[in-house]
Amino acid sequence: AQKITQTQPGMFVQEKEAVTLDCTYDTSDPSYGLFWYKQPSSGEMIFLIYQGSYDQQNATEGRYSLNFQKARKSANLVISASQLGDSAMYFCAMREGSNFGNEKLTFGTGTRLTIIP
Amino acid sequence: ETGVTQTPRHLVMGMTNKKSLKCEQHLGHNAMYWYKQSAKKPLELMFVYSLEERVENNSVPSRFSPECPNSSHLFLHLHTLQPEDSALYLCASSQDRGGLKEAFFGQGTRLTVV
C-alpha cells in the first residue's frame with residue numbers, strides 16, 4: 001500500500017488565487033512527521049513546511065500552511081496568493097519516527113502546479 | 001543557497017564506464033542520503049548513512065556503491081550501469097538521532113546511461 005498518496009498529477013491555478021494540494025498518508029506509527037517540498041525545474045528539492053504528528057496547531061510558513069487532519073490522515077498544503085514562481089512540482093513526504101535512527105523520508109508521486117498569469 | 005552541493009550536475013556515461021557522483025554538505029548534519037528520481041515515480045531511497053555508517057540499503061543493485069568518508073561527504077560510485085538507471089540522483093542531509101527534522105537536498109545529478 002502507498003504510504004503517501006497525492007491524487008492530483010497536475011493543477012492549473014490563476015495567479016493570486018489560493019491553491020490546495022492534496023496529500024493523504026498511511027502509517028500505524030504514533031510518531032511521525034509530514035513534509036512538503038517544492039521542486040522547480042532546476043531539480044533541487046526545497047523544504048517548505050513541516051507538521052509533527054503531536055503538533056496541536058496547523059503549521060504555517062509565510063504563504064504556506066498545512067491543513068492537518070489527523071483522523072482523516074490528510075496533510076494538504078495550502079498556498080495563499082499564488083505567484084508565477086510557485087510553478088513547480090510539489091511533493092508530500094512522511095518520516096515515521098519510532099525507530100531509532102530511522103531517517104527515511106517516503107515521498108508521494110508529486111503534483112505539478114502551474115500558475116497562469 | 002542550499003547547503004548541499006552535488007557534482008556533476010549532468011553526466012552521460014556508457015554502460016561500461018565507471019564514474020562517481022559527489023555530495024557535500026556544510027550544515028553540520030550527521031545523516032546523508034541518496035535518492036533516485038525517475039520520471040513519474042516517487043523518489044526512491046537508495047542509501048542512508050548516519051554518522052558515517054550505512055544504516056539502510058534498500059535492495060539497490062551492486063552496480064551502485066556508496067561511500068561516506070566523513071559526515072560532510074557522500075559519494076555514489078557507478079559501474080556497468082543500465083539504461084534504466086538514467087534518472088535524477090538526489091543527495092540529502094539531515095540531523096539524525098531520530099529527530100523528525102527536515103532533510104535538505106542538493107540540486108541533483110542528471111544521469112543518462114547510453
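Annotations
- Heavy atoms of B:Arg110: accessible area, 1.4 Å probe, square angstrom to 10: 110 Å²
- Rolling a 1.4 angstrom probe over the protein heavy atoms with all chains in place gives chain A an accessible area of 47 Å² per residue.
- For a label point 7 Å along the Cα-to-beta-carbon line of A:Thr5, residues of the range A:21-37 with backbone N under 14 Å: A:22-27
- Cα convex hull of chain B - mean projected area over all directions, nm²: 6.8 nm²
- As a fraction of the 1.4 Å probe accessible area of chain B, surface on carbon and sulfur atoms comes out at 47 percent.
- For the range B:27-79, the fraction of C-alpha pairs farther apart than 14 angstrom is 52 percent.
- 10 Å-binned pair-distance histogram of the protein assembly as shown (Cα, whole percent): 8, 33, 35, 20, 4, 0
- Interface area, A with B, accessible, probe 1.4 Å, both sides summed, Å² nearest 100: 2000 Å²
- Near A:Ser87, the amide H atoms lying under 5 Å from its own belong to A:Ile115; only residues 5 or more places off or on other chains count, and H is placed 1.01 Å from N.
- Two-site label geometry, A:Ala81 and B:Met15: point separation in nm, points 7 Å out along Cα→Cβ: 5.5 nm
- Using equal-weight Cα scatterers in the Debye expression, the normalised intensity of chain A in log10 at q = 0.13, 0.16, 0.19 Å⁻¹ is -0.47, -0.70, -0.98.
- Exposure rank, largest accessible area first [A:Phe91, A:Phe68, B:Phe75; 1.4 Å]: B:Phe75, A:Phe68, A:Phe91
- Computed over protein heavy atoms with a 1.4 Å probe, the accessible surface of chain B works out to 47 Å² per residue.
- To the nearest 10, the accessible area of B:Val55 is 80 Å² with a 1.4 Å probe.
The values are calculated or read from the model by the stated rules, or taken from the named source; none is laboratory data. All of these numbers come straight from a predicted model, not from anything done at the bench. Glycine gets a Cβ as well: all are built from the backbone with ideal geometry, and neighbour counts include every protein chain shown. Each accessible area value is taken on the protein alone, full model and side chains, heavy atoms only, with ligands, DNA and RNA left out. Shrake-Rupley method; radii C 1.70, N 1.55, O 1.52, S 1.80 Å.
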